[in-house]
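The values are calculated or read from the model by the stated rules, or taken from the named source; none is laboratory data. This is a predicted model, so every value here is computed, not measured. All Cβ positions, glycine included, derive from the backbone under ideal geometry; neighbour counts span all protein chains shown. These area figures cover heavy atoms from the full protein model, side chains too; ligands, DNA and RNA do not enter into them. Shrake-Rupley method; radii C 1.70, N 1.55, O 1.52, S 1.80 Å.
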Amino acid sequence: MELHFKNQKLSLMKQLKRIIFTLLLAGGTYLSSLAQESQYFLHTVEKGQTLTTIASMYGVTKTDIVALNPGSDTKILAGQSLKIPQKKNGQVAGTFHTIQAGETLYRVSTKYNVSTKAICDANPGLSAENFRTGQVIRIPSPESIEQAAADTQTPAAQDTYTVPGPVQSKYKDMHKVERKETIYSISRAYGLTEDELKAANPELKKDGLKRGTFLRIPYPSNQAGAQTTTPATTPSQPTSTYITPPSNSELFSENKEKAEKLSTIKAAIILPFTKEKRMVEYYEGFLIAVDSLKRTGVSIDLYAYNTGEDVASLNTVLAKPELKQMNVIFGPLFTQQISTLATFAKKNEIRLVIPFTSKDSEVFTNPYVYQVNTPQPYLYSEVYEHFTRLFPKVNVIFLESVTIDKDKEEFIKGLKQEFTQKGIPMKSLKETASVAELKGAMESFRENIFIPTSSTETTLTRIIPQLTLLVREVTSGVHLFGYPEWQTHTNEFINNFFELDTYFYTSFYTNNLLPAAINFTNAYHKWYSKEMVSKYPKYGMLGFDTGFFFLKGLSRFGTDLDNNVSRMNLTPIQTGFKFERVNNWGGFVNKKVFFVNFSRNFEVIKLDFE
């Protein structure tokens with residue numbers, strides 16, 4: 001009996017310890033959650049992202065990120081979680097929130113006292129399908145929403161009421177009425193009844209719902225802590241019924257603007273035509289695209305503006321009143337003008353297509369930007385993935401350049417890291433290695449791929465003779481892999497490329513023997529009585545591809561192009577397109593990559609991995 005009592009006592013003590021431990025753990029988790037909300041949020045690294053791009057997204061510095069994530073300045077990996085500090089005065093206004101398990105759009109909106117419409121507007125890349133745990137979304141600040149409302153709201157609409165103590169707002173939010181919204185859809189978005197919304201906005205009974213006006217959003221009568229001046233409910237008064245919070249699908253459907261067809265597409269090109277001759281070639285190719293579309297019945301108004309290199313000359317163009325009515329703008333060329341033009345495009349809700357430079361961070365915070373020239377980190381990550389899928393069991397031999405090629409240093413570094421992670425064997429030789437040394441680095445039971453660490457013509461001239469002798473001795477199992485710049489030297493080395501079964505990656509390539517390329521080249525010569533500049537990419541073809549892609553997309557999808565850009569299955573002449581949003585509140589980058597293979601059968605094959 002005594003032994004049984006002792007066992008029960010020990011069992012109770014163990015249970016008590018477990019309960020205490022669980023409470024301590026829960027408390028620690030709660031405190032950790034509070035710390036996260038006030039100090040940092042979590043970002044999951046995606047393929048192609050670097051510390052620089054991540055810092056640009058959130059308006060922080062790389063130093064800020066490294067301070068919270070020691071070692072991240074050395075290496076970060078896709079799938080890794082990084083702590084990102086909340087910056088109130090950062091480049092992007094508002095707060096950032098990492099979606100937690102079980103959260104809904106409605107719960108997030110009530111947590112931050114911001115309407116679901118405001119969250120959707122701040123995150124155009126967000127949808128019911130990708131609203132999932134771990135996604136980061138931008139929460140616009142209530143101050144910025146209230147300020148926008150105050151700028152256009154009449155004094156009578158800015159009501160307050162007096163309670164004991166300081167004057168406090170009677171309303172939790174202001175809502176700007178958008179196209180196709182109804183009283184029902186707005187009330188549902190905020191968890192209100194239609195009567196509650198009408199009571200807060202008595203002008204609705206007289207004037208109805210008008211686009212562009214602001215509505216006062218009261219606290220729901222059933223919301224805990226909601227302030228009210230209504231006396232306590234008596235049995236003779238009706239009580240407010242509980243409203244089931246709307247689902248993500250309902251809210252996203254209600255908050256999505258209805259797409260509009262464009263009867264006439266208004267497009268502008270803003271480039272330095274008098275300063276850069278290749279800009280004229282881009283425009284000439286663009287005009288051929290416009291002509292092709294007009295022949296199919298598409299109505300297009302095209303405006304072309306010449307600018308200088310400075311921002312002042314751009315501002316002169318932006319002052320023209322018709323520019324605010326554009327559906328799409330193409331340009332600029334100079335990096336120093338991108339921020340100004342992108343700000344103008346965002347303010348006026350105009351898509352901005354940047355065909356040239358990739359060295360700008362505007363795309364990470366501006367949802368209207370389309371970056372055609374793929375930023376290197378994204379380009380390289382696509383190349384690494386395609387390479388390891390195409391050659392899963394190979395032996396790689398790097399041919400180290402005598403002179404370091406700064407342009408390819410990051411590419412080679414990342415490629416070596418990828419091979420290490422995937423367990424792909426690799427060796428390194430000098431680019432001046434003899435045939436015997438090259439042969440000694442090969443493995444007989446694997447395909448052997450030689451990759452020079454430089455893309456220059458000098459390196460090609462050094463390595464090709466020895467590699468050619470090698471394949472004539474070995475006869476099989478040898479490939480050469482390289483860079484987009486090799487297109488410039490195709491005529492000189494084409495026979496060697498075939499013999500070495502050469503591959504190179506690129507986001508732009510055209511086979512001049514294919515009908516589309518022949519037809520365009522003939523049309524260009526007929527229109528302008530000249531040949532395109534023999535450089536890659538050819539700007540005439542770039543002008544045609546970008547013009548045709550976006551103008552065709554706007555004619556097909558109208559104002560809903562952004563949500564359908566992945567459905568644009570067009571075959572370009574030179575430039576491939578695979579646009580993806582960089583985050584929920586930013587713009588689009590082009591991630592299209594081809595591998596071009598000069599096979600031993602004397603065929604040129606463009607490998608498309610989509």
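The strands (runs of 3 or more DSSP E) found entirely in the range 554-610 that carry 2 or more residues being charged (D, E, K, R) are 579-581, 604-608.
From the list 404, 424, the one residue that fits, being open to solvent by less than 20 Å² (accessible area, probe 1.4 Å) and over 30 Å from residue 286 (Cα atoms), is 424.
Taking the criterion of being within 13 Å of residue 543 (Cα to Cα) and among the charged types (D, E, K, R), the residues of the range 264-291 that qualify are 278, 281, 284, 291.
Could you pull out the residue among 597, 601, 569, 590 that is within 18 Å of the chain's Cα centre (by Cα) and not charged (D, E, K, R)?
On the way: 597 fails: within 18 Å of the chain's Cα centre (by Cα); 601 fails: within 18 Å of the chain's Cα centre (by Cα); 569 fails: within 18 Å of the chain's Cα centre (by Cα).
From the options 597, 601, 569, 590, the qualifying one is 590.
Selection of first residues in the range 166-194 that are more than 10 Å from residue 215 (Cβ to Cβ) and crowded, with 19+ Cβ neighbours inside 10 Å and of second residues that are among the polar types (S, T, N, Q) and at pLDDT 80 or above, restricted to Cβ pairs under 6 Å at least 6 apart or on distinct chains, gives the following pairs, ordered by first then second residue: 172/113; 189/116.
For the range 518-532, the count of residues that are without any contact (Cβ under 8 Å) to a residue 40 or more places away in the chain, farther than 30 Å from residue 97 by Cα and among the β-branched types (Val, Ile, Thr) is at least one. Restricting to the range 417-446, name every residue that is more than 17 Å from residue 465 (Cα to Cα), touching a strand residue (DSSP E or B) at 6+ places or on another chain (Cβ under 7 Å) and in a helix (DSSP H, G or I). 419 - this is the single residue of the range 417-446 that is more than 17 Å from residue 465 (Cα to Cα), touching a strand residue (DSSP E or B) at 6+ places or on another chain (Cβ under 7 Å) and in a helix (DSSP H, G or I).
Taking the range 564-587 as the range and being at pLDDT below 95, among the small types (Gly, Ala, Ser) and buried (at least 19 other Cβ atoms within 10 Å of the Cβ) as the test, only 576 passes. All conditions but one from (1) outside any helix (DSSP H, G or I); (2) more than 29 Å from residue 411 (Cβ to Cβ); (3) open to solvent by less than 70 Å² (accessible area, probe 1.4 Å) apply to residue 531; the one that does not is (3). Residue by residue through the range 482-521, note down the ones that are aromatic (Phe, Trp, Tyr), open to solvent by less than 20 Å² (accessible area, probe 1.4 Å) and not in a helix (DSSP H, G or I). Matches in the range 482-521: 483, 504, 505. Regarding residue 328, is this residue surrounded by 13 or more Cβ atoms within 10 Å (Cβ to Cβ), β-branched (Val, Ile, Thr) and more than 30 Å from residue 131 (Cα to Cα)? In short, no. Right, residue 357: closer than 27 Å to residue 407 by Cβ and open to solvent by 10 Å² or more (accessible area, probe 1.4 Å) or not? It is true that residue 357 is closer than 27 Å to residue 407 by Cβ and open to solvent by 10 Å² or more (accessible area, probe 1.4 Å). Say we look at the range 285-298 and pick out the residues that are open to solvent by 20 Å² or more (accessible area, probe 1.4 Å) and in a helix (DSSP H, G or I); which of these is nearest to residue 560 (Cα to Cα)? It comes out as 294. Within the range 447-481, the set of residues being without any contact (Cβ under 8 Å) to a residue 40 or more places away in the chain, in a loop (DSSP other than H, G, I, E, B) and under 26 Å from residue 384 (Cα atoms) comprises 476, 477.
Give 410, 437 a once-over and let me know the one that is open to solvent by 60 Å² or more (accessible area, probe 1.4 Å), modelled with pLDDT under 95, over 16 Å from the mean Cα position of the chain (by Cα) and acidic (Asp, Glu).
Numbers: 437 fails: modelled with pLDDT under 95.
Testing whether each residue is open to solvent by 60 Å² or more (accessible area, probe 1.4 Å), modelled with pLDDT under 95, over 16 Å from the mean Cα position of the chain (by Cα) and acidic (Asp, Glu) leaves just 410.
Of the listed requirements (1) touching a residue at least 60 places away in the same chain (Cβ under 8 Å); (2) under 30 Å from residue 312 (Cβ atoms); (3) of a type outside the set (A, V, I, L, M, F, W, C), residue 250 misses just one: (2). In the range 45-99, the residue that is modelled with the lowest pLDDT out of those that are under 19 Å from residue 114 (Cβ atoms) and small (Gly, Ala, Ser) is 90.
Residue check: is residue 102 open to solvent by less than 20 Å² (accessible area, probe 1.4 Å) and at positive phi? Criteria not met by residue 102.
Among the residues of the range 195-244, the ones that are over 38 Å from the mean Cα position of the chain (by Cα), modelled with pLDDT of 70 or more and open to solvent by 90 Å² or more (accessible area, probe 1.4 Å) come to 3 in all. Residue 312 satisfies every condition listed in (1) aliphatic (A, V, I, L, M); (2) buried (at least 17 other Cβ atoms within 10 Å of the Cβ); (3) under 29 Å from residue 60 (Cα atoms) except (2).
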